[in-house]
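In what follows, a structure is listed as structure tokens, so that the remarks can point back to it.
The values are calculated or read from the model by the stated rules, or taken from the named source; none is laboratory data. These numbers come from a predicted model, not from an experiment. Here Cβ is always computed from backbone atoms with ideal geometry, including for glycine, and neighbour counts include all displayed protein chains.
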Amino acid sequence: MLHLSWLIIAVPLASAAVILLAGRAARKWGHWLAVAASATTVIVGIGAFVQMLGLDRGDRAFHETLFRWIPGGELSVDAGILVDPLSMSFVLLVSVVGTLIHVYSVAYMEHDPRRSTFFAYLNLFIAAMFLLVLADSYLLLFVGWEGVGLASYLLIGFWNQKSEFATAANKAFIVNRIGDMGLILAMALMFAHLGSVDFAHAFAAAPGASTGVLTAIGLALLLAACGKSAQFPLQSWLGDAMAGPTPVSALIHAATMVTAGVYLVVRSGPIFAGAPNALLAVAAVGAITLVMGAIIGMAKDDIKKALAASTMSQIGYMMLAAGLGPVGYAFAIFHLLTHGFFKAGMFLGAGSVMHGMDDQVNMRRFGGLATLMKFTWVTFGLGWLAILGVPPFSGFWSKDKIIEAAFIGDGWKPWVFGLTAMLGAGLTAYYMSRLFFMTFYGGKRWTDDQHPHESPLMMTVPMMILAAGSAVLGLVLARGNAFTAWLEPVTGTVAHGEPVLAVPLIMTLTLILVALGVAAAYFQYVSRPVPITEPRASVLTLAARRDLFQDTVNGALVQWPGEVLTRIAVYADAAAIDGAVNKTASGTAGLGEVVRKLQTGKVRSYAATMLVGVVILLAIVVKGGR
Amino acid sequence: MNPMNYVILATVLFSVGATAVLLRRNAIIAFMGIELMLNASNLLLVTFARVNGAIAGQVDAFAVLVVAAAEVVVGLAIIIALSRSRQNISLDEPSEMKG
Amino acid sequence: MFPFLTVLIVLPAVAAIVLRALPASARHASRPIALGSAIAELALAVVMAVRFVPSAAGDHQFAQVHSWIPQIGASWAVGVDGMGLLLILLAVLLTPLVILAGWKDDDDADRQMKYLGLILALESFMVLIFAARDVFLFYVAFEAMLIPLYFLIGLFGGEQRRYAAVKFLVFSLVGGLVMLAGVIALYGAGPGGSQGFLTDNLKGLSMSTTTERLIFVAFFFAFAIKAPMVPLHTWLPTVAQTARPGTTTLLVAVLDKVGTFGMISLCLPLFPNASRWAAPVIISFAVASVIYGAVLAIGQKDMLRLVAYTSVSHFGVMVLGIFAFRQTALEGSAFYMLNHGLSTGALFLVVGFLIKRRGSAQIADFGGLQRVVPVLAGTFLIIGLSALALPGLSPFVSEIMVLVGAYPAARAAVIVAIVGVVLAALYILLAYQKIFTGPVRKGLEKTPDLSLREKLVTGPLIVAMVVLGFVPGVALTVLRDPAAAAITTTVPANTAAEVSQ
């Protein structure tokens, strides 16, 4: 089925187009068409996967040129797809999680009059996401890259009759565009120095390029990745993006789109191979975001924003792993897959809670839901265990590997990155336990008119499947290093280095930190009653509640100067440039006023002037003639 | 044939015409002055055509004649219209052309 | 050989005359006549495009040379290369759409007839100027098209229409006057004779450096006013704000392209050395236009002015692509000329629909329309996204070709211009947010959605952008050779490098 891989992109795209063009007519069947389109991608994806498994490891890169996109010239780009183990991993993740979320949304969005539009956007999103991961060149990848950004914009602003939701959508798109500058710049650099923007040629030319060039490309790619994956310093949009319907947060802002930055870095491995400093920057960005996200997550009371902060932090892990170079690439993608399952599951769980609580998102208003929403509780619990990294749930296998890998190397780096990653595990345990306990345990803190109830099967079944994935996926993929071996054709063979600390010691320390985090959350939020209003808190907590002042900083550094500049420019354009023009015009008119006095209107004086003029001219001509 | 005679005659005619245009207020007289100047130049055209043995000058003279005829038609019409509306044909009166 | 170009030039002019000659009793038929002739023109142009030989896109096809005023060396010389062909197609595609968009603009049959007559006269000049292969003929068309435009702005505009018309005329005439000096000097420098103005006879002249530079500046100045470059752009927002959206569509989408078209087809081939000499300065101004236009677009309160400023920004990108003297960039610029016409033309038209509904062009008078008119909102969004060069739509391909292609030649300029990508997102999305999102504003609850006629106007443009976004090859194949030809004369080394690859 490999040669049918293009269908993975085409089917959902066609479905989206059909639903959007049908308009009102699609209300009855639009969502089912979308689900069917999404399910088709699963079938084709699995078919292609099975076929790929049957191939030799070295032959597992299926490349097909679909059509000539930009013809001829220096910048000749074909639209082609590249199915290799890396993109295949994404295809499976996106199609499976995407389809589950489609099904969930049928019930979740049941009462929305624009449900079919919502499904068209979801289809548009998965089509763009598939294009992103299947593209065989940076330019085509960019099409998918912007496509997912567009779908994200449309879905965050799905309820944009609320002004602040529309603002959130704009913020997401615009911050992403800042990242896109990086990708365009990277392509310009590749075109100038590597001679091509398609993977095969660019990667082949990369070893011959200078370190400076590769570092510049690497940093530009990192900028792009930061925008898409909400990494420091372009992280501020993700929290606001929770304005979108919860299935959107689960699919786009947790499981798939936000991880595209990690994909970009791993895909660009051959470029980063010649740019150790760019790679170091990737790791540093990952480490900073990891801690930042965790700190923000510890203070948020909005369940979706807490999960968003967690997503930021977990992607920080992936970036950190990717920044470690080939040794970490496989683990970054591994964590990406397991995270896709457990985080999507938890988001759907949060959606289920909101569904039962009249769209309440404040966790201080939850509590004691474990008994009332059993399915949600159990599935969320499995996700919680997975993200904590408790063996044998899937997060353990992927995150532990990242922590171990972070300790590999020499000099100061393994200590800084390793300890950060380890500390992050403790923080993760604390904030996720806080979230879990505040929602499902403790006293009931609901408002009077709320009657929590379990969601319909259509919602809980996808949650169960994702929870099952959260539980066993890690174990399955980690067995005998199956996943690392699967990705080896892309990431390359790596000589396994030894961590600076012994592996069992790292594992033990990590688990101790996790246990401490859980215990702290337990004592704070289960043993003691949770206040309904935010208690007074330390400076750090206050800062974390305000997202560590990221909006304030952006406002002071970018937005405010930008607005002032715009105003000055508008004024200057009217006053200075147009003013100068008008001054010239009125000056000319004034000159005309003076000159018109000479025009008496008397015919005979005109005639006299003409005669004199002709005589003078003649005199000149005659004189000049000699 | 001495072309100089014709040149002098043309000069005299032209000067007379120009003087009439410049000094007389009566539009009809001024108009006749213009005609004189045109014909002075016609005379020169024909003269030099003869001197050079080329036909072009005579053709041009015909063109000038035609233009002059047309001009007379328009000019007289204007004068008549003026005299109708203003009861006189003094050239100094109308100054609507004033800028 | 059928004289396609001459017929294309004459047909709308004849239609315009027929409209003027209609007896008062038949004036109500002016709309069908105008639309019919515009469609016939489009059909004829399509036939011509089909018969165009893509493999010889660098040559001027359908060429005709007739003596016109041999005494001064002027000829009726027409012919199109790939670039001219695409621009003519753009012009004849937009004209019927503009007529259709303004179908109900005038209640008075007499005014209707005058408006349509002027639009058709404009179409005639638009075709002429892209087909002219004689510098004098080009200049005549360059000036003559001001006449219908002056009346279109001055008679059919909104408030301040006289001011706008005069401002437009003065800007254009100043440019034209300077260019005239250049045209005369160029004739003097050329071979002279009865065909002394033929573009082909003026290539490769040996002029002194100073002469070449002066003539180049004279031409470029006129073109920089047309393709509004900072700081010669201020006429555009005034005109856009005042004139009918249909007029502005033709003006910005097609006629302003005369500026960039002239740069490629006259400045580069005729004054290669001067072009190289001026390139750094021009690129600086181009980049300034990109950023400045975008910043001003963000700050606008009037939709029409906003779109006008976005065009200033986009023209900056085109000029940057031209004066980088790189194959990819110049090809991208030429392609951008077409795409910008589709995108900005559509944007002006759809803004016109909005204004028609609200009676105001102020952004602040709108709000929450997406819930009321979803199709109009979706149309606006798609067109807006094309203006911010979203991948999948054709402007993206051209913009990326310019930015990526110009990078090796003008690194700093490209890096600055890339910032325009973010600014573009700001001006489009902020406007969309204010007009279409949030709670529905009072008085807008009953706004009608796009009618079939309006869908027929925007539909073809959107389809064209999507098709060209995925298969830009149809346009790029005919743009390659013209771009290469322009570069070969200017910087032969760059072509050589390209061929060797």
Hits in the range A:380-415 (condition: touching a Pro at 6+ places or on another chain (Cβ under 8 Å), among the aliphatic types (A, V, I, L, M) and not in a helix (DSSP H, G or I)): A:ILE408
Residue in the range C:233-248 that is modelled with the highest pLDDT, counting only those that are within 17 Å of C:ALA286 (Cα to Cα) and buried (at least 24 other Cβ atoms within 10 Å of the Cβ): C:LEU236
Filter result (of a type in the set (Lys, Arg) and either in contact with a strand residue (DSSP E or B) (Cβ under 6 Å, 6 or more places away or on another chain) or loosely packed, with under 15 Cβ neighbours inside 10 Å (or both)) within the range A:535-578: A:ARG536, A:ARG546, A:ARG567
The range A:18-56 - residue that is small (Gly, Ala, Ser) and surrounded by fewer than 14 Cβ atoms within 10 Å (Cβ to Cβ) and, of those, farthest from C:VAL373 (Cα to Cα): A:GLY54
Residue among B:ILE55, B:ILE79 that is under 16 Å from the mean Cα position of the chain (by Cα) and either among the acidic types (Asp, Glu) or modelled with pLDDT under 90 (or both): B:ILE79
Helices (runs of 4 or more DSSP H) within the range C:1-101 that include 2 or more residues without any contact (Cβ under 8 Å) to a residue 40 or more places away in the chain: C:4-21, C:30-51
Among the residues listed as C:ALA294, C:ALA364, the single one being in a helix (DSSP H, G or I), at pLDDT below 90 and under 30 Å from A:TRP560 (Cα atoms): C:ALA364
Of all residues making up the range A:409-437, the number that are aromatic (Phe, Trp, Tyr) and closer than 18 Å to A:PRO276 by Cα: 3
Residue selected from the range C:411-445 under the condition basic (Lys, Arg) and free of Cβ contacts under 8 Å to residues at least 12 places away in the same chain, by the criterion nearest to the other protein chains (Cβ to nearest Cβ): C:ARG411
Subset of the range A:78-103 that is surrounded by fewer than 22 Cβ atoms within 10 Å (Cβ to Cβ) and within 13 Å of A:SER137 (Cβ to Cβ) - its residue that is farthest from the other protein chains (Cβ to nearest Cβ): A:GLY80
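Table: residues versus (1) under 20 Å from A:PRO462 (Cα atoms); (2) at pLDDT 90 or above.
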{"site": "A:ALA79", "(1), (2)": "no, no"}
{"site": "A:VAL83", "(1), (2)": "no, no"}
{"site": "A:LEU93", "(1), (2)": "yes, yes"}
{"site": "A:VAL97", "(1), (2)": "yes, yes"}
{"site": "A:ILE101", "(1), (2)": "yes, yes"}
{"site": "A:ALA107", "(1), (2)": "yes, no"}
{"site": "A:GLU110", "(1), (2)": "yes, no"}
{"site": "A:ARG114", "(1), (2)": "no, no"}
{"site": "A:PHE119", "(1), (2)": "yes, yes"}
Residue that is farthest from C:LYS442 (Cα to Cα) [pool: residues in the range C:378-392 that are within 10 Å of another protein chain (Cβ to nearest Cβ), out of contact with any Asp or Glu (no Cβ under 7 Å at 6 or more places or on another chain) and buried (at least 23 other Cβ atoms within 10 Å of the Cβ)]: C:LEU388
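Could you list, in sequence order, all residues of the range B:16-68 that are closer than 21 Å to B:ILE78 by Cα and acidic (Asp, Glu)?
B:GLU35
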Single residue of the range A:153-195 satisfying the filter (at the interface with chain C (Cβ under 10 Å from one of its Cβ atoms) and outside any helix (DSSP H, G or I)) that is farthest from A:MET109 (Cα to Cα): A:GLY195
Of the criteria (1) surrounded by 20 or more Cβ atoms within 10 Å (Cβ to Cβ); (2) under 22 Å from the mean Cα position of the chain (by Cα); (3) within 14 Å of chain C (Cβ to nearest Cβ), which one A:LEU219 fails: (1)
Unmet criterion (only one of (1) out of contact with any His (no Cβ under 8 Å at 6 or more places or on another chain); (2) part of a helix (DSSP H, G or I); (3) under 30 Å from A:LEU183 (Cα atoms)) for A:LEU122: (1)
Unique match (being of a type in the set (Gly, Ala, Ser) and surrounded by fewer than 17 Cβ atoms within 10 Å (Cβ to Cβ)) among A:GLY443, A:GLY469, A:GLY426, A:GLY474: A:GLY443
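Against the condition more than 26 Å from C:GLY157 (Cβ to Cβ) and either part of a helix (DSSP H, G or I) or in contact (Cβ under 8 Å) with a residue 12 or more places away in the chain (or both), how does C:ALA334 come out, does it pass?
In short, yes.
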Total residues in the range A:129-144, condition facing chain C (nearest Cβ under 8 Å) and under 17 Å from A:VAL248 (Cα atoms): 0
